[in-house]
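Working notes for the structure below.
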Amino acid sequence: MPRPAPVPWSCVPPCTWVTTKEVLQHSYHPPFLSDVQTKLPDPPATWQGKTLRIRGPRQRKGESGFFVYVVWALNAIEFALHNGLTYCIFLDGTNNPYWSDARHLSGTGMSNLWQDFFVIPTSSESRRCEGLQESQVLELSEGHFSGRRHKTEEAAGWTLYLQRSALKAFPAGDCPPSACGSYEWYRQMRMRGVRLVENHLRVQPEIARIADDFWVEWGLRGNRVLAAHCRGTDKIWGVKIGPSKYYPLFTKWLRAHGGRGRVFVATDDPGWMSEIADWGAKNFPGKIVWRNATRSTKNAFLSNSGDPYVKAVDVIVDVLLLSRADFLLKSTTNVAEMAIYFSPNGALVNHSYDFEIKDHPKLADIGFPRL
């Protein structure tokens, strides 16, 4: 049986580009954005029966953390479904900080980087990119984004990702904090993210097993788990929320739940992790749990040391573990928001607290510490 044709590096005729203008005309606009039109024109007849081939942002290496690629893909999936298209996802190693040359050249990795981390679904809505006829393929027009957006540039992918109606883990792009970022805005984004993750994302089983094994080995199964994501190092959006803000809430949780209380901590900052470990050993021995993941004084994915694949796996496993908790404490980050999207049945939409959301309900009003 002949092997399927490889996926080309870019969209070339007879593949068809989706333009910036077409993205603006045919994107999904959530009903809660009342000042955005909700009646949209029908998709072009030339799109009928075609597949949107989704790629990640092509930019300078190290400009985006892992879950930027995931949120990018979720927005493109939503665009495809809204326009009656099937979709496939293909990430190559172009400037991607999670591409491991050693892994891929040895044959243990896939040519499709997405497949290293997520199962490629095949359904009535999705398919594999390999073997597609280029005449049946659409791609979002490319363009380089670095630091600021050039609206005149033909870059439909960035337009889809940055426009106000896009799914966002926090206010950004055309949805700045002055216009977005209320508690209700976050709730709507989270419910949308939960739906997309439930239906279209499945972590590779060998990665999911790492989280499964940790949950059992470290005594989290069957206990009442408070998760905390402490984003430090080079956090550039919002403010850093240090460990001292978390300690009083750790104490409330552990006292409220007695012998069944546990705290799982995920942080990228080695200094903060050391400080939290010392605090836990002094105040609640054996109750504070964390993974020996990749940490750095700057964002780990910017470092040239270490295996890029392992760095990505570390952050995925952290998200899976955070998502399983009974309650999540967090600041505003992609990683912590993705934990909410991955939480079973979206449980953390209502059982989480973000220190940076100004109109967030008080902890007592959402059941903390006794849920």
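The values are calculated or read from the model by the stated rules, or taken from the named source; none is laboratory data. Remember, predicted model here, so these are calculated numbers, not experimental data. All Cβ positions, even for glycine, are placed from backbone atoms using ideal geometry, and neighbour counts span all protein chains on display. For the accessible areas, the whole protein counts, side chains as well, though only heavy atoms, and no ligand, DNA or RNA atoms are used. Shrake-Rupley method; radii C 1.70, N 1.55, O 1.52, S 1.80 Å.
Only one residue in GLY219, GLY181, GLY232 is surrounded by fewer than 20 Cβ atoms within 10 Å (Cβ to Cβ) and not basic (Lys, Arg), so which one is that?
It is GLY219.
Would you tally the residues in the range 208-223 being part of a loop (DSSP other than H, G, I, E, B) and either among the charged types (D, E, K, R) or closer than 25 Å to VAL119 by Cα (or both)?
Number of matching residues: 1.
In the range 23-54, what count of residues is obtained for those that are under 24 Å from VAL310 (Cα atoms) and either surrounded by fewer than 17 Cβ atoms within 10 Å (Cβ to Cβ) or modelled with pLDDT under 90 (or both)?
Total satisfying the criteria: 0.
If you scan the range 125-142, which residues turn out to be within 24 Å of the chain's Cα centre (by Cα) and either over 12 Å from THR16 (Cα atoms) or not aliphatic (A, V, I, L, M) (or both)?
GLU125, SER126, ARG127, ARG128, CYS129, GLU139, SER141, GLU142
Please verify whether the range 353-368 includes one or more residues that are among the small types (Gly, Ala, Ser) and surrounded by fewer than 24 Cβ atoms within 10 Å (Cβ to Cβ).
Yes, some residue in the range 353-368 is among the small types (Gly, Ala, Ser) and surrounded by fewer than 24 Cβ atoms within 10 Å (Cβ to Cβ).
Are any residues in the range 224-246 at pLDDT 95 or above, part of a strand (DSSP E or B), under 26 Å from ALA172 (Cα atoms) and not small (Gly, Ala, Ser), and if so, which ones?
HIS229, the sole residue that qualifies.
If you take the residues of the range 248-293 that are out of contact with any helix residue (DSSP H, G or I) (no Cβ under 7 Å at 6 or more places or on another chain) and not in a helix (DSSP H, G or I), which of them is surrounded by the most Cβ atoms within 10 Å (Cβ to Cβ)?
ARG262
Spot the failing condition for ALA208; the list is (1) under 17 Å from the mean Cα position of the chain (by Cα); (2) open to solvent by 20 Å² or more (accessible area, probe 1.4 Å); (3) not assigned by the TED database to the domain that holds ASP314, and only one is missed.
(3)
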